[in-house]
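Undergrad: Let me begin by handing over the structure; questions about it come next.
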Amino acid sequence: MKIELIELVEIRLPLVRPFRTSCASDTERHTFLLRVVTDAAEGWAEFGGDPEPLYSAEFAVGAERVLLDHLVPRVTALHRPSAARIAAALSPVKGHHMAKALLETAILDAECRAHAMPLATYLGAVRDRVPAGVSVGITDTIAELLKSVSGYLEQGYVRIKLKIEPGWDVEPVRAVRREFGDELALQVDANTAYSLTDAEHLRGLDEFGLVQIEQPLGEDDLRGHIELAKLLRTPICLDESIRSAREAAAAIALGACRIINIKPSRVGGYLEARRIHDICAAHGIPVWCGGMLETGIGRAQNLALAALPGFVLPSDISASSRYYAEDLTDAFELDNGCLSVPDGPGSGVTVRPAALGRYAVSTRKLYKRGSTR
Ligand code: SMG
Ligand code: MG
């Protein structure tokens, strides 16, 4: 495969409702897509980060810069670029997993399309449908939260995740349990909002039979999670802390978590995501696929991953309507609490030019074969 063109498309899509977490409050998804054109096929990927480094250290403008100056030149210099060769080519550049994931994913998409192979097949999917969970943001009142959860349950979501932060934790969880019963698969996500000194308070969540508490402590607080895990009955799931298969292996060996949320963007791409899946499967650690409010482009690829055998818990991959009035691809719809894994070549979805025209705010060329910068 020869790379002909690499282009970045900045997009802004309004969210159907604001999404508030302990780390950010979003009313739109403002990010960028990467389009890689090769002599065999073209591929797309979606940047997992945001304009501000609030969820992780990476952010959109920084990612664009590192792509342009450090990542794209290393990949376009490869004699025979292929997805499997990207990570090694980019390894001299430290960090920047989300930016690296973008490049590898677009090339993987192109490669799969060139071989007329669905990404799901390439990754080793064993199912055609994936149970859909939904992540519910922090609201102003408990009444508002209950209304929102009730709406999602009516639509058929099989698991509810509540965002929590100090001052919005035990009471909203109690209210949701009381209203919807013990059978509801319920979990919480703190996005690093607590510290180990909050352990006693967090024990207050144990009585609600939560499936898991996601990332209660800081991204770099592995020791804190190890200690907290000894104090809580609720299983700890790590999200922000796991950026590689090696970190996953360490967290499992040290007892820092009993579950892992795999987000391909956070860990540098689908190939590393699959390695984390494999390590977890070997250790009997359940995994599920996290989300970054992706449009249909990133969500289709996440569905392919979530179809692997170790993804035994419902993922944060919801229907298009949970995020956007209009998606960039054909809409993903919930069917009996599940989403279908696309089965066309590559990610199996195509960008709708009319929709892209409405939500793209700028396009920048990062590379064109034969021309110098
Ligand atoms: O894509 O449905 C989705 C959002 C899922 O809650 C979600 N993501 O920490 O897991 C998480 C958050 C990160 C995004 S908000 C900054
Ligand atoms: Mg999370």
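Undergrad: Based only on Cα atoms, what Rg/Rh ratio does the stretch 121-340 have, Rh being taken as Kirkwood's radius?
TA: Using only Cα positions, Rg/Rh for the stretch 121-340 is 0.95.
Undergrad: In the structure shown, do any of K94/K163; K163/K365; K94/K230; K94/K368; K147/K230; K100/K230 have a Cα-Cα gap over 29 Å, and if so which?
TA: Beyond 29 Å: K94/K163; K163/K365; K94/K230; K147/K230; K100/K230.
Undergrad: Also, I was wondering about something else. Given the Cα-Cα distance of E200 and A281 and 0.36 nm per residue of separation, how much length would full extension add, in nm?
TA: On the way: separation 81, 0.36 × 81 = 29.16 nm, distance 3.14 nm.
So the chain would gain 26.0 nm between E200 and A281.
Undergrad: Let me ask something else about it. Averaging over every viewing direction, what projected area does the convex hull of the Cα atoms of the stretch 162-217 cover, in nm²?
TA: Answer in nm², one decimal: 3.3.
Undergrad: Here's something else I'd like to know. With springs only between Cα atoms under 10 Å apart, run a GNM on the chain and tell me which of W288, W168, W44 wobbles the most.
TA: With Cα springs under 10 Å in the chain, the top fluctuation among W288, W168, W44 is at W168.
Undergrad: To continue, here is another question. In degrees, nearest 10, range 0 to 90: what is the angle between the Cα axis of helix 97-114 and the longest Cα principal axis of the chain?
TA: Once rounded, the angle reads 60 degrees.
Undergrad: What angle, in degrees between 0 and 90 and rounded to the nearest 10, separates the Cα long axis of helix 170-180 from the longest principal axis of the Cα atoms of the chain?
TA: Here the helix axis deviates by roughly 90 degrees.
Undergrad: Let me ask another. With springs connecting C-alpha atoms under 10 Å apart, model the chain as a Gaussian network and identify which of A143, A193, A87 has the largest mean-square fluctuation.
TA: A143
Undergrad: Explain nothing, just the number: dipole magnitude of the chain about its Cα centre with +1 on each Lys and Arg Cβ and -1 on each Asp and Glu Cβ, in debye rounded to the nearest 20.
TA: Around 1140 debye, computed over the chain.
Undergrad: Could you tell me whether the stretch 303-364 comes out rounded, prolate or oblate from its Cα gyration tensor? Rule is a ≥ b ≥ c as square roots of the eigenvalues, rounded for a/c under 1.5, then prolate if a/b exceeds b/c, otherwise oblate.
TA: Prolate, since a/c reaches 1.5 and a/b exceeds b/c.
Undergrad: Another one. Between L232 and E28, what is the spin-label point distance in nm, taking each point 7 Å from the Cα along the Cα→C-beta axis?
TA: Once both label points are built, they end up 3.5 nm from each other.
Undergrad: With the Cα gyration tensor of the stretch 54-94 giving a ≥ b ≥ c as the square roots of its eigenvalues, does the rule (a/c under 1.5 for rounded; else a/b larger than b/c for prolate; else oblate) give rounded, prolate or oblate? Kindly include the intermediate steps, with their values, before the conclusion.
TA: Working: a/c = 2.72, a/b = 1.96, b/c = 1.39.
Judged from the Cα gyration tensor, the stretch 54-94 comes out prolate (a/c at least 1.5, a/b above b/c).
Undergrad: Is it possible to state the helix-based mean residue ellipticity at 222 nm for the chain, with each DSSP H run of 4+ residues giving -39500 (n - 2.57), the sum divided by total residues, to the nearest 500 deg cm²/dmol? What is it?
TA: -9500 deg cm²/dmol
Undergrad: Enter the mean projected area of the convex hull around the alpha-carbon atoms of the stretch 130-259, in nm², rounded to one decimal.
TA: If you wrap the Cα atoms of the stretch 130-259 in a convex hull and average its projections, you get 7.9 nm².
Undergrad: Follow-up. For the ranges 313-323, 204-214, what's the packing order if you count other beta-carbon atoms within 10 Å of each residue, average per peptide, and put the highest first?
TA: Per-residue mean Cβ counts within 10 Å order the peptides as 313-323, 204-214.
Undergrad: Report, in degrees rounded to the nearest 10, the 0 to 90 angle that the Cα long axis of helix 142-155 makes with the longest principal axis of the chain.
TA: The answer is roughly 60 degrees.
Undergrad: Right, another one. Residues of the stretch 80-123 with the amide nitrogen closer than 19 Å to a label point 7 Å from the Cα of R369, along Cα-to-Cβ, please.
TA: Under cut-off, by backbone N: 80-86, 103-116.
Undergrad: Moving to a separate point now. Which residue, I260, I164, I11, has the most motion in a Gaussian network model of the chain that connects Cα atoms within less than 10 Å?
TA: Top of the fluctuation ranking is I11.
Undergrad: Can you work out the base-10 log of I(q)/I(0) for the chain at q = 0.08 1/Å, using the Debye formula on its C-alpha atoms alone?
TA: Relative scattering, expressed as log10 I(q)/I(0), comes to -0.37.
Undergrad: Follow-up question, since we're still on this one. So for the stretch 167-296, averaging the separation of alpha carbon pairs under 8 Å that are six or more residues apart and normalising by length, what relative contact order in percent results? Provide the component values of the computation, followed by the final result.
TA: Numbers: 201 pairs, mean separation 24.3, N = 130.
Relative CO of the stretch 167-296 lands at 19 percent.
Bear in mind that the values in this text are calculations on the coordinates, not laboratory data. Remember, predicted model here, so these are calculated numbers, not experimental data. Cβ coordinates were reconstructed from backbone atoms using ideal geometry, including for glycine residues, and neighbour counts include every protein chain displayed.
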